[in-house]
Structures are given as C-alpha cells and as structure tokens.
Amino acid sequence: MAVVLEVAVLLACVPVLTEPSDGSVSRLLWIDPPHVDIKAELVYAVVRSVGGRVAEGETLGCCVAVGDRSDLDVAEHLASSLLVQATTALRYRGGNIARTALFDRSFLASYSYRIEQRLGLMPESSSDDEPLPEADPEGWVAGRAAADVALLEALPDLGERVTRRR
C-alpha cells in the first residue's frame, strides 16, 4: 500500500515537474538496488550541486530531477559515474572478505556524505571521520576513503559547472 501511495504522489508531481514555468526540464533518474535509499542521497546531492531540484521516489527506485537541461546532463553523468565508482570500490574492497549489509550501508552512507562535502554542500568538521553510532566503523572508513579518491569530473567542464553553482 505504501508503494501505491508513493506512486500516486510522484505521479501527481509529474505535471508540475515536467512543465515548470521557468523553462526548466525534468528527468527521471533510476537508482539500482540494493540500498536505494542511501544511493538516492548521493543522487540528490549531485543534482543539488548543479542547481537542480529533486522529487523523491526512493521506494520506486527513482527520483525526478528538475533544472536546466545541460545541468541535468552533467548531474546524470556525474551521479552515474559516482555510483559506479562506489559500487566498484565496494565490490573490490577487502578482496575475499565477507561483507555484511551493515558494512555496505555504512560504506555507501559515508561515501555519499563525503561526496556532499567535496561538492561544497556540507561543511567539513573534525568529527567527520567518526562513524555514525549505527554504522559499521570499517565500512564508514572505507567509504570515506573511496569518496576521497572518487573522480568528480564525469564531463570535461563539470568542475566549472559545479563551481559556478556554489
């Protein structure tokens, strides 16, 4: 029932999102499971970093982004790139060491949080290295380390666009 309600709410937003009066465009961005809720935070951060707006649809595995067409192109490419980088780092982290769902969620949450900082959406503080109380400490540290080396240049002029929107 909750999914049906979320579909109804998202569909109710579509006319507003697809026909904005300011000349913006909308784009549906899909997010692959598992851990859609955490991955969605990363997508939201990227869209906001280029000046876009986002309507959530985590249960559906998607979100609707609204903004300038070229900015959404950048956001879509960067979000896809960062999600691929995160899942690749997560897959190859530790070789054959078995990971738990908590490790994976902690990794992705820390990764997303650090990327938001790197995009200038959140201030850095000395407590940033400390994992959240409900997080796996190893997953948190590994996610932050992966985000520190993640490439933010999905397109050649991305740095200029993200800087311009700050």
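Some values worked out for this structure:
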| quantity | calculated |
| --- | --- |
| FRET efficiency, 1/(1 + (r/R0)^6) with R0 41 Å, evaluated for R69 and L132 via beta carbons | 0.65 |
| Exposure proxy order (Cβ contacts within 10 Å, fewest to most) of H35, H77 | H77, H35 |
| Phi to ³J(HN,Hα) by Karplus 6.51 cos²θ - 1.76 cosθ + 1.60 over region 62-72, Hz, x for Gly, Pro | 8, 8, 10, 9, 10, x, 5, 4, 5, 5, 5 |
| Counted charge near L102, where neighbours are those whose Cβ lies closer than 11 Å (Asp, Glu -1; Lys, Arg +1) | -2 |
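No value in this document is a laboratory result; all are computed from the given coordinates. All values reported here derive from a predicted model rather than from experimental measurement. Positions of Cβ are backbone-derived with ideal geometry, glycine not excepted, and every protein chain shown enters the neighbour counts.
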